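Asks: Questions regarding the structure given below will be posed in turn.
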Amino acid sequence: MKTIQSEAIHNAWNMLNEQEAISFLQELVRINSVNPPGGEKFVAEAIESRMQAAGLVVELDEIAEGRTNLFVSLPANQNKRMENQPERILAFSGHLDTVPIGSVQWKHEPFGAELAENKLYGRGTSDMKGGVAAMLMALDCLHRSGVQLKGSLRFVGTVGEEVDCLGAKHVVAKGQIDDATAMIISEPSANELYCAHKGALWLTIDVFGKTAHGSMPEQGVNAIRVMNAFINKIEKLSLVYEPHPLLGGPSINIGTIEGGIKTNVVPDACTMTLDIRTVPGQVHQDILAQLHTILDALCKAAGASYQIEIANDLPSITTPEDDAFTILAVETAQKHLDSQLTPKGVRYYTDGSIYAPHLEIPVLIYGPGEPLMAHQPDEWIEVEKYLESIRYFIALAVEYLGA
Ligand SMILES: [Zn+2]
């Protein structure tokens, strides 16, 4: 027996013009939105003209010069809304910026959006213009099919996720999606389902010593030596955590180090950046306190001083595997796409770190991009996965919101 739901889903699937969907993704990849500086405005405007032409409601919010957040809505059918029940609002989330192309030579033009052997190449194909375009195509197909949803569907495209989540911070500060009741983020997952991701604590640590002539090192305080001692300590640092069933434990990466100006000068400054990835239950303030204790002791002993600057502080997020929305997301894939999703955890962070603590709603990640292709040269996305994710987003929206 065909349910109203599956009929609505199939009607919307029938609206999918695969060639058009691929061209739309190519159009977005060809717009350079490398961050820094971002320039997401041009991506937002291209989406605006495409979605407005299709008859969808689009709003742009330019939060800084050339940096524009984007909202595309498919409102609930007022006659179908259920009496005495709060309206369900499903937020589709994605970011409009990409990371730089890097210093390695690409075989495929980074902004060429070349198609070769069922893959589409270019910066942002996987992370995450593929996910963004898929969600928008899903909205477009649902709209064109004339489906009357009982709840509202809203796409939120943000600026700056790759650097500081600037766009999502604005969305939260302005309460622009405070009414959302569930969220799915289309960061690259190769069409797998993630229900948890790690947090990030990025630190810039400066150690200050005292300069002296290189022939008289005992007259100075060598900042590089103090930093070296600190590195040795943090290699053995034991962070307090409960292993997470999906995320495991935390990690620390020493990203950059800089110090000294000349061979024959005792360096009076050394700077290091740290990337710490955390799991649920860890308190970033506690980690900072641990690092302060170590640096306090080292600097006191050496006659040096230091400062720690927080460059990024994003909590981990987790939506239970037995949450109703997680269960629905799994069942939808099984029922309509015949695919078996097992909720997993992922190490990267998303705009979800900003949204989840504020909205307190279930947040999941599912996107067509390849997680291992993110930030890589010759980044690509599988065209088949891209098209399948459009079908999945359509099905999930209908199942969650009701038709
Ligand atoms: Zn991303």
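Read-outs throughout are calculated quantities, based only on the coordinates presented, and are distinct from any laboratory measurement. If you're wondering where the values come from, they're calculated on a predicted model, not measured in any experiment. Note that we place each Cβ from the backbone using ideal geometry, even for glycine, and neighbour counts take in every protein chain shown.
Asks: I'd like the chymotrypsin sites (Phe, Trp or Tyr not before Pro) in the stretch 1-49 restricted to DSSP loop residues with at most 12 other Cβ atoms within 10 Å, sorted by number. Intermediate values should be presented prior to the final figure.
Replies: Details: sites: Trp13, Phe24, Phe42; in loops: none.
Of the chymotrypsin sites (Phe, Trp or Tyr not before Pro), not one in the loops of the stretch 1-49 has a Cβ with at most 12 other Cβ atoms within 10 Å.
Asks: Here's a follow-up. Note down the relative contact order for the chain as a percent, whole number, built from C-alpha pairs under 8 angstrom at least six residues apart.
Replies: Working: 898 pairs, mean separation 101.2, N = 403.
Contact order relative to length: 25 percent.
Asks: Dipole size in debye (nearest 20) for the chain around its Cα centre, Lys and Arg Cβ +1, Asp and Glu Cβ -1? The partial results should precede the final answer.
Replies: Details: 30 positive and 51 negative charges, 70 e Å.
With only Lys, Arg, Asp and Glu charged at Cβ, the dipole is about 340 debye.
Asks: I'd like the per residue volume of the convex hull spanned by the Cα atoms of the stretch 1-154, given in cubic angstrom.
Replies: Normalising the Cα hull of the stretch 1-154 by residue number yields 129 Å³.
Asks: Follow-up. Amide H of Thr211: which non-local residues (sequence gap of 5 or more, or other chain) have their own amide H closer than 5 Å, using H built in the peptide plane?
Replies: Those qualifying (amide H under 5 Å, at least 5 residues apart or on another chain) are Val221.
Asks: Something else now. Can you tell which of Thr204, Ile287, Gly214 lies farthest toward the positive end of the dipole of the stretch 199-314, using +1 and -1 charges on the Cβ of basic and acidic side chains (Lys, Arg; Asp, Glu)?
Replies: My answer, from the dipole projection, is Gly214.
Asks: Cross-link list Lys169/Lys233; Lys198/Lys233; Lys236/Lys300; Lys107/Lys344: which exceed 26 angstrom alpha carbon to alpha carbon? Please list the in-between numbers first.
Replies: Values: Lys169/Lys233 35 Å; Lys198/Lys233 24 Å; Lys236/Lys300 20 Å; Lys107/Lys344 33 Å.
Result: Lys169/Lys233; Lys107/Lys344 exceed 26 Å.
Asks: Related question: Between Glu331 and Val283, with labels modelled 7 Å along Cα→Cβ, what's the label distance in nm to one decimal, could you check?
Replies: 3.9 nm
Asks: A further question on this structure: Return a whole-number percent for the relative contact order of the stretch 90-171, with Cα pairs under 8 Å and 6 or more residues apart as the contact set.
Replies: Details: 92 pairs, mean separation 35.4, N = 82.
Across the stretch 90-171, relative contact order equals 43 percent.
Asks: Taking 0.36 nm per intervening residue step and subtracting the Cα-Cα distance, what contour gain separates His292 from Gln219 on full extension? List each step's numbers first, then the result.
Replies: Working: separation 73, 0.36 × 73 = 26.28 nm, distance 2.63 nm.
Taking 0.36 nm per residue and subtracting the Cα distance, the gain is 23.7 nm.
Asks: May I ask you to list the residues of the stretch 349-379 whose amide nitrogen lies under 19 Å from a point 7 Å from Cα along the Cα→beta-carbon direction of Glu321?
Replies: 362-366
Asks: Shifting gears a bit: Calculate the spin-label point distance for Gln148 paired with Thr273, positioning each point 7 Å from the Cα along the beta-carbon direction, and give it in nanometres.
Replies: So the two model labels end up 5.4 nm from each other.
Asks: Another one. Longest span of the chain, sites excluded, free of GluC sites (Glu not before Pro) in DSSP loop with at most 11 other C-beta atoms within 10 Å? Walk me through the intermediate numbers first.
Replies: Working: sites that count: Glu65, Glu83, Glu117, Glu360.
Answer from the scan: 118-359.
Asks: Run the numbers on the stretch 199-314 and let me know its relative contact order in percent, using alpha-carbon pairs under 8 Å that are six or more apart. Spell out each step's value before the answer.
Replies: Numbers: 222 pairs, mean separation 52.5, N = 116.
Contact order relative to length: 45 percent.
Asks: Can you give the alpha-carbon Rg of the stretch 292-401 over 2.2 N^0.38 Å, where N counts its residues? Don't skip to the end; give the middle numbers.
Replies: Values: Rg = 20.6 Å, N = 110, 2.2 N^0.38 = 13.1 Å.
Cα Rg divided by the expected 2.2 N^0.38 Å: 1.57.
Asks: Another question, if that's okay. So between Asn77 and Asn14, what do we pick up on full extension, going 0.36 nm a residue minus the alpha carbon distance? Don't jump to the answer; show the numbers that get you there.
Replies: On the way: separation 63, 0.36 × 63 = 22.68 nm, distance 2.09 nm.
Stretched out fully, the Asn77 to Asn14 stretch lengthens by 20.6 nm.
Asks: Sticking with this one: Run the reach check for Lys80 against lysines, Cα to Cα strictly under 19 Å, same-chain hits fewer than 8 apart removed. What comes back?
Replies: Cross-link targets: Lys150.
Asks: While we're on this one: Across the chain, where is the longest run that never hits trypsin sites (Lys or Arg not before Pro) in a DSSP loop with at most 11 other C-beta atoms within 10 Å? It would help to have the intermediate numbers written out before the result.
Replies: Numbers: sites that count: Lys2, Lys107, Lys236, Lys262.
Of all site-free stretches, the longest is 263-403.
Asks: Quick one: angle between helix 383-401 and the longest Cα principal axis of the chain, in degrees between 0 and 90, rounded to 10, please.
Replies: Around 70 degrees separate the two axes.
Asks: Round to a whole angstrom and tell me the spacing of the C-alpha centers of the stretch 165-185 and the stretch 217-293.
Replies: Each part's Cα centre sits 33 Å from the other's.
Asks: What's log10 of I(q)/I(0) for the stretch 62-141 at q = 0.15, 0.19, 0.25 Å⁻¹, Debye sum over Cα points only, no solvent?
Replies: -0.75, -0.98, -1.26
Asks: So how much slack lies between Ala173 and Ser6, counting 0.36 nm per residue of separation and subtracting their Cα-Cα distance, in nm? Don't skip to the answer; put the middle values down first.
Replies: Working: separation 167, 0.36 × 167 = 60.12 nm, distance 3.75 nm.
Gain on stretching Ala173 to Ser6: 56.4 nm.
Asks: Follow-up question, since we're still on this one. Working from the alpha-carbon coordinates of the chain, get Rg over Rh, Rh being the Kirkwood radius. List each step's numbers first, then the result.
Replies: Values: Rg = 23.9 Å, Rh = 22.7 Å.
Rounded to two decimals, Rg over Rh is 1.05.
Asks: Separate question: Can you list the residues, at least 5 places off or on another chain, whose amide H is less than 5 Å from the amide H of Arg88, using H built in the peptide plane?
Replies: The answer is Ser152.
Asks: How tilted is helix 4-14 with respect to the longest principal axis of the chain? Cα atoms for both, answer in degrees (0 to 90, nearest 10).
Replies: Helix 4-14 sits roughly 80 degrees off the main axis of the chain.
Asks: With labels modelled as points extended 7 Å from the Cα through the Cβ direction, what inter-label distance (nm, one decimal) is found for Glu258 paired with Lys107?
Replies: Reported label-point gap for Glu258 and Lys107 is 3.5 nm.
Asks: Quick one: which residues, 5+ away or cross-chain, put their amide H under 5 Å from the amide H of Gly402? H built at 1.01 Å from N.
Replies: Residues meeting the amide H criterion: Lys150.
Asks: As a footprinting exposure proxy, order Tyr355, Tyr349 by other Cβ within 10 Å, with the fewest listed first. Display every interim value, and only then the final one.
Replies: Details: Tyr355 26, Tyr349 22.
Final ranking by Cβ density, sparse to dense: Tyr349, Tyr355.
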